[in-house]
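The structure under discussion appears below in the form of structure tokens.
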Amino acid sequence: IVIDGLIICHQLWFPYLRFTVSLLALPPTTKPPVATECFTVNFTATNLIYRPQMADPTSKVFSSTQRFFVNLLGQILKTSKIGPYLISCSLSTLRSVNQGENTGIDSVCCYRKNATAPPFDRVQIYHKFVNETNGFTKMGRYSLDPNSLFVNDYHEASPQTTLPPTTKPPVATECFTVNFTATNLIYRPQMADPTSKVFSSTQR
């Protein structure tokens with residue numbers, strides 16, 4: 001007899017016969033533990049004004065903001081390669097950006113990493129978010145900073161169009177002369193010298 005994995009031998013007696021029966025109980029079949037892998041998604045909402053209550057994960061403001069973004073993050077990730085294995089997302093931090101004019105969102109998403117799950121590809125997930133949010137500019141009712149998205153620290157800088165400097169065409173200069181005679185201005189020899197005081201005062 002086996003109790004808690006211990007084998008107990010029980011002797012059976014019959015006339016003219018003695019033998020021992022040993023019973024071995026097999027342990028119950030246990031499933032291997034499912035591995036869980038998590039990754040971070042960080043971004044900034046430009047039309048969400050930061051409030052001090054957002055620093056408290058137990059506040060109503062934090063909870064309502066978390067419900068909104070967790071729902072949207074889940075909708076996007078469920079159609080990705082890891083969608084069938086997604087467990088959940090949650091917000092870890094809401095932070096002040098641009099002196100409180102914007103709010104930074106730090107989130108963590110986890111999925112089951114079993115034998116059938118594809119390898120996590122942060123570049124593919126990054127592009128998934130970009131494609132599902134119009135170039136990462138809009139998520140639900142919130143506007144996003146397209147240059148703020150990071151997936152597991154992966155980030156691609158937004159391409160910037162560099163315009164050539166505007167050059168003005170050289171300006172042509174043309175001169176003309178104006179000649180006349182002042183009838184009540186008596187000429188003095190100093191007027192012949194452009195550096196003289198008389199010439200300068202007359203010129204002014």
Going through (1) surrounded by 11 or more Cβ atoms within 10 Å (Cβ to Cβ); (2) modelled with pLDDT of 95 or more one by one, Asp153 fails only at (1)
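Residues are listed down the side, and each one gets a yes or a no for (1) at pLDDT 95 or above; (2) touching a strand residue (DSSP E or B) at 6+ places or on another chain (Cβ under 7 Å); (3) of a type outside the set (Asp, Glu):
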{"site": "Leu91", "(1), (2), (3)": "yes, yes, yes"}
{"site": "Asn98", "(1), (2), (3)": "yes, no, yes"}
{"site": "Asn102", "(1), (2), (3)": "yes, yes, yes"}
{"site": "Ala115", "(1), (2), (3)": "no, no, yes"}
{"site": "Asp121", "(1), (2), (3)": "yes, no, no"}
{"site": "Gln124", "(1), (2), (3)": "yes, no, yes"}
Qualifying position, being assigned to a loop (DSSP other than H, G, I, E, B) and more than 22 Å from Asn134 (Cα to Cα), among Thr79, Thr58 = Thr58
Could you grab me the full set of residues in segment 102-148 that are more than 13 Å from the chain's Cα centre (by Cα), in a loop (DSSP other than H, G, I, E, B) and more than 19 Å from Phe68 (Cβ to Cβ)?
-> Asn114, Ala115, Thr116, Ala117, Pro118, Pro119, Phe120, Asp121
Contacts under 6 angstrom Cβ, first residue in segment 39-56 being surrounded by fewer than 17 Cβ atoms within 10 Å (Cβ to Cβ), partner in a strand (DSSP E or B) and among the aliphatic types (A, V, I, L, M), 6 or more apart | Thr40/Val108
Looking at (1) modelled with pLDDT of 60 or more; (2) in a loop (DSSP other than H, G, I, E, B), find the lone condition where Pro32 falls short.
-> (1)
Scanning for something of a type in the set (Phe, Trp, Tyr), within 19 Å of the chain's Cα centre (by Cα) and over 20 Å from Tyr154 (Cβ atoms), does segment 64-71 turn up at least one residue?
-> yes
Restricting segment 105-127 to residues that are of a type outside the set (A, V, I, L, M, F, W, C), touching a residue at least 40 places away in the same chain (Cβ under 8 Å) and over 10 Å from Lys81 (Cα atoms), the one surrounded by the fewest Cβ atoms within 10 Å (Cβ to Cβ) turns out to be Asn114
Give the residue, chosen from Ser88, Ser64, that is outside any helix (DSSP H, G or I) and small (Gly, Ala, Ser).
-> Ser88
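The values are calculated or read from the model by the stated rules, or taken from the named source; none is laboratory data. These numbers come from a predicted model, not from an experiment. Note that each Cβ is placed from the backbone with ideal geometry, even for glycine, and that neighbours are counted across all protein chains shown.
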